[in-house]
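**Student:** Pasting a structure here, questions to come.
Just so it is clear, none of the values below were taken in a lab; they were calculated from the coordinates. Predicted, not measured: the structure shown is a model, and the values here were computed from it. Here the Cβ positions follow ideal geometry from the backbone for every residue, glycine too, while neighbour counts run over all protein chains shown.
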Amino acid sequence: MEKMAALQILFGRLPPLEWGVEQYLDQGKCLKIFQNERIPFDREAPEEPGVFYVQTGLLKLSVHRPLSATGLDFCYYGDRTLLERRTAASLSGCGQMYIEACKNTIAYAFTQREFFELLRRDRALLKQYHQLHSAQLSLLFQRMELTACLDAEQRVAGWLMQLCCQSAPEEAGKYFIPCRLTQQEIADYLLIHVTTFNRVFSELKKESIVEKKRSGFLVHDFEKLKRFQERLSI
């Protein structure tokens, strides 16, 4: 869970909804997806699942990049959420798209044709689908805004600042952030080169802002980190 906490500000998570699709679950295929199990999600074959309704559990949508050992995660799907391939199809150009279970998950799978037939017959479900499409695009935009629109220094500083904002300070206003990610994993998730991450972190350490511990990061001075990030934005 430390890994999830350290990454959560980068990735959106759709809220649970009372989906009209629940009345059609008997027409889908029930799947038990075990933790860390991956399912390819970029196949356009008619018989392949194109829609997953997560009844219980947690799935994430990721893209595997050939030159990176770390998948590029875009969104998380918890209880009572719907994951649809067409909405995320634009990501397939980045590499192989797949879904992965963050914990044991019960989901119902529909082919694209089966799901579109339900939309054709049920206008209320069609309206929910349009809302889902807009929400997913907003989350993907947030993911890009927190990385692609910032330089390397801003990404690292912003990542640390957001994690501080989600935890309580210790004595003297210091923040300890549990995180067992390697430098390479953090760099991959922030979409920067690992040597760039190390350079930025060395600068933060030199200014006595952040210190790397065995089980996480210790932010000595949040206000100083904030000024560091603001200086980069000028």
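**Student:** Decide, for segment 152-233, between rounded, prolate and oblate: order the square roots of the alpha carbon gyration tensor eigenvalues as a ≥ b ≥ c, take rounded if a/c falls under 1.5, and otherwise choose prolate if a/b is larger than b/c, else oblate. Please list the in-between numbers first.
**Tutor:** Values: a/c = 1.66, a/b = 1.24, b/c = 1.34.
Oblate shape, in that a/c is at least 1.5 and b/c is the bigger or equal ratio.
**Student:** For Lys103, give me every one of the lysines with a C-alpha distance below 28 angstrom, ignoring sequence neighbours fewer than eight places off in its own chain.
**Tutor:** Once the sequence-local lysines are set aside, what remains near Lys103 is Lys3, Lys29, Lys32, Lys60, Lys213.
**Student:** Compare the peptides 153-159, 195-201, 104-110 by average per-residue count of other Cβ atoms within 10 angstrom and give them in order, highest first.
**Tutor:** Numbers: 153-159: 22.6, 195-201: 16.6, 104-110: 20.1.
Ranking the peptides 153-159, 195-201, 104-110 by packing returns 153-159, 104-110, 195-201.
**Student:** With a Förster radius of 45 Å, plug the Cβ-Cβ distance of Lys224 and Arg38 into 1/(1 + (r/R0)^6) and report the FRET value to the nearest 0.05. Could you put the intermediate results ahead of the total?
**Tutor:** Details: r = 41 Å, r/R0 = 0.91.
Calculated transfer efficiency: 0.65.
**Student:** Excluding residues on the same chain fewer than 8 positions from Lys174, give the aspartates and glutamates whose Cα lies under 14 Å from its Cα.
**Tutor:** Excluding near neighbours in sequence, the set is Glu211, Asp221, Glu223.
**Student:** If you average the sequence gap of Cα pairs under 8 Å that are 6 or more apart and divide by the length of segment 152-233, what percent do you get for the contact order? Intermediate results must be reported in sequence, preceding the final value.
**Tutor:** Numbers: 92 pairs, mean separation 32.6, N = 82.
Relative contact order, segment 152-233: 40 percent.
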